[in-house]
Amino acid sequence: MVSFDDKDRYAIRRQAMIDYDLRGHDIRDPRVLDAAGRIPRELFIPEKYAGNAYDDNPLPIGMGQTISQPYIVALMTQTLKLSGDETVLEIGTGSGYQTALLAELAERVYTIERFNELSERAQAVLAKLDCCNVDFAVGDGSCGWPEPMQFDRIIVTAAMPELAGPLTDQLAEDGIIVAPVGGMLGQELIAARKHKGHLAATPICGCRFVKLIGQYGYSE
Ligand code: SAM
């Protein structure tokens, strides 16, 4: 049970995260900073780790998965250059924290997770926050959204072996995809824009994510 004192404490920690871990590095998009300042990250984390909700590192969320480090979440979101009218596909709902951030910044978010238990937990937290512009699916996101659709933005929150396959096919012309691409020991965070059907990729930084498990990802 979170008390009023806890709420104040979390608000102070959230502001410190914005000032030091996000703005203090290279997060400059005011919409991203503003949205991160409104989302109660402690609600997306198992209660025993809630005191660490605003530490700048990943935390366990169950099923052997993690909620990503706040800086990386903000960096990937900033890289999507969202103005508010985009349709976004997220692969790897996880805790739902990244989903909540996207939902604040885009028109509609479609998010897919391979573990039903994580998806259900994320859905419950987002419902509690009155977030109503998100569609959830459970399945293999490496195959893309289960219905034929085109997305203005795609964000992959698990390590992909290569930037190719059905996911990139679902990226609309002039759309942006951001994903960690590479092997198990570490990946490069890549942003790519689709132009005349081809992807022009830009490396952002090194990173380390859990594996994307699936037909176009890694085997378990
Ligand atoms: N963005 C998430 C957050 O804020 O909590 C972090 C997600 S975690 C780093 C990566 C997630 O991708 C895990 O929940 C994992 O189960 C999921 N995942 C892995 N392979 C997947 C696949 N093929 N389809 C959908 N989700 C997948």
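The values are calculated or read from the model by the stated rules, or taken from the named source; none is laboratory data. Being a predicted model, the structure only gives us computed values, none of them experimental. Note: ideal-geometry Cβ built from the backbone for every residue, glycine included; neighbour counts use all protein chains shown. These accessible areas exclude ligands, DNA and RNA; they are computed on the full protein's heavy atoms, side chains included. Shrake-Rupley method; radii C 1.70, N 1.55, O 1.52, S 1.80 Å.
General observations
- Residues satisfying the stated conditions in the stretch 132-173, i.e. more than 9 Å from the ligand (Cβ to nearest atom) and assigned to a helix (DSSP H, G or I): Pro166, Leu167, Thr168, Asp169
- When residues of the stretch 186-220 are limited to those that are open to solvent by 80 Å² or more (accessible area, probe 1.4 Å) and in contact (Cβ under 8 Å) with a residue 12 or more places away in the chain, the one nearest to the chain's Cα centre (by Cα): Arg208
- The residue of the stretch 1-18 that is least open to solvent (accessible area, probe 1.4 Å), among those that are modelled with pLDDT under 65 and closer than 16 Å to Ile45 by Cα, is Val2.
- Residues in the stretch 63-104 that are away from the ligand (no atom under 13 Å from the Cβ), over 12 Å from the mean Cα position of the chain (by Cα) and not small (Gly, Ala, Ser) were compared, and the one that is most open to solvent (accessible area, probe 1.4 Å) is Lys81.
- For the stretch 44-83, the set of residues classified as assigned to a helix (DSSP H, G or I) and basic (Lys, Arg) consists of Lys48 only.
- The set of residues in the stretch 105-121 that are surrounded by fewer than 21 Cβ atoms within 10 Å (Cβ to Cβ), away from the ligand (no atom under 12 Å from the Cβ) and not in a helix (DSSP H, G or I) comprises Glu107, Arg108.
- Selected residue (criterion: most open to solvent (accessible area, probe 1.4 Å)) from residues of the stretch 122-135 that are touching a strand residue (DSSP E or B) at 6+ places or on another chain (Cβ under 9 Å) and more than 21 Å from Asp85 (Cβ to Cβ): Gln123
- Unmet criterion (only one of (1) within 26 Å of Asn133 (Cα to Cα); (2) in contact (Cβ under 8 Å) with a residue 60 or more places away in the chain) for Gly64: (1)
- Out of Leu102, Leu129, sole residue that is at pLDDT 95 or above and under 20 Å from Ile190 (Cβ atoms): Leu102
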